[in-house]
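The values are calculated or read from the model by the stated rules, or taken from the named source; none is laboratory data. Computed from a predicted model, the values in this text were never measured in an experiment. Here the Cβ positions follow ideal geometry from the backbone for every residue, glycine too, while neighbour counts run over all protein chains shown. Just so you know, the surface numbers come from the protein's heavy atoms only, side chains and all, with ligands and any DNA or RNA stripped out. Shrake-Rupley method; radii C 1.70, N 1.55, O 1.52, S 1.80 Å.
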Amino acid sequence: MIDLRSDTVTRPTEGMRKAMYEAEVGDDVFGEDPSVNKLQATVAALLGKEAALFVPSGLMGNQLALHALTRPGDEVLVEQSSHIFNHESGAAGALAHVVLHPLQGRDGLLSARQVANAIRPGNYWEARTRLLSLENTLNAAGGVLYPLPTLHALTGIARERGLACHLDGARLWNASAATGIAEKDYAAPFDTVTVCLSKGLGAPVGSVFAASAALVKHAHRVRKMLGGGMRQAGILAAAGLYALRHHRQDLAEDHVKARRLAAGLRAAQGIQVPVPQTNIVMFELLNQQAGPFLESLRAAGVAMVPFGPRTVRATMHRDVSIADIDRAIAAVSRVMAPAGSIVP
Ligand SMILES: *Cc1c(COP(=O)(O)O)cnc(C)c1O
């Protein structure tokens, strides 16, 4: 099976497993795991923040941001296709007790005017608009990059109006690999940042939350409250450190694979696909529904996921090769309904 469902399906490499086996560990609830401490210091430095905290998932990292930057009843501005709004099981409401205010971006990108207009003036009968949460790269828009000047404009307006800013950087590594802009430059305008180690980097588990020392201190208590206090977590942190040292530099190859897949799909009849900016290929089926298409494709040995009635996502990662991509293109051409046949 050529598995393009997500960049989370990778298996730890031999080198990574060896690093995990050899990891120095201790009890992290006592702050005594040297591998966890090293990972946190490494990621804090990469993101230009004072401190960082290792968490089991990106969701928990985003939760820590909501808890650190809002009070119950506060409102958070998000884009309508964002992960925090669509793919976090309602945690923002259930756990952080905030109201999410979804704005419709263009290709997922918000404008400064949209953000400015969405911030409530502060009447006591309204929720207090307290936080702007942005994603980079944008998952549901298809791995789209937020231009740095736009990020500065959006966070500038937010700050002027007294809002805090959070960056869901699950794939921030991909943004930097695509543009050459350092992660810390993307992170600079934000109070808090979440990054994932378990996506394109290929670690089996883990995300990191980074912020000022004071916010991380608060988040540490919240992480414990949410059940995220782990013990000899250095076994996992070692995989993250290994991924940063040995896998991060390979991310640009996933972007090459994405462009190759998109070019191949474009040649097939009945598919509309933009040029991918990073490792995600999001495409539209013009003549058929995603469900039956994905079923036949799976029977032909390729797995992708639906992202709408006729929208399909294919995500590149280190466990698929260029040859796999060519096989996937051939499989898609085979299963495409003949041109002109309309399947409602
Ligand atoms: C994957 C992802 C997350 C975190 O997902 P977890 O499965 O909780 O680690 C957060 N934001 C975005 C944009 C993502 O793609």
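Quick look at the numbers
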{"quantity": "log₁₀ of I(q)/I(0) at q = 0.12, 0.20, 0.23, 0.26 Å⁻¹ - segment 250-336, Debye sum with one point per alpha carbon", "calculated": "-0.29, -0.85, -1.15, -1.47"}
{"quantity": "Rounded FRET efficiency, nearest 0.05, which uses the C-beta distance separating GLN269 from ALA213 and R0 of 45 Å", "calculated": "0.20"}
{"quantity": "Surface share of carbon and sulfur [accessible, 1.4 angstrom probe, percent] for the chain", "calculated": "53 percent"}
{"quantity": "Within straight-line cross-link reach of LYS184, lysines at Cα separation under 24 Å, skipping those fewer than 8 residues along the same chain", "calculated": "LYS38, LYS49, LYS199, LYS217"}
{"quantity": "Solvent-accessible area per residue, Å², over the chain with all protein chains present [probe radius 1.4 Å]", "calculated": "42 Å²"}
{"quantity": "Solvent accessible area, Å² - GLU126, 1.4 Å probe, full protein context", "calculated": "50 Å²"}
{"quantity": "Surface accessible to a 1.4 Å probe, LEU131 within the full protein complex, Å²", "calculated": "0 Å²"}
{"quantity": "Calculated [θ] (222 nm, deg cm²/dmol) that DSSP helices of n ≥ 4 give over the chain, each run adding -39,500 (n - 2.57)", "calculated": "-12000 deg cm²/dmol"}
{"quantity": "Distance (nanometres) between label positions extended 7 Å along Cα→Cβ at GLN104 and ARG120", "calculated": "2.2 nm"}
{"quantity": "Rounded to the nearest 10 Å², the accessible area of CYS196 at probe 1.4 Å", "calculated": "10 Å²"}
{"quantity": "Radius ratio Rg over Rh of segment 1-135, counting only Cα atoms, Kirkwood formula for Rh", "calculated": "1.06"}
{"quantity": "Overall dimensions of the chain as given by Cα atoms, namely Rg and Dmax in Å", "calculated": "20.6, 65"}
{"quantity": "Kyte-Doolittle mean at least -0.5, axial Cα span of 15 Å or more - DSSP H helices of the chain", "calculated": "34-47, 58-69, 148-160, 213-225, 234-246, 251-267, 322-335"}
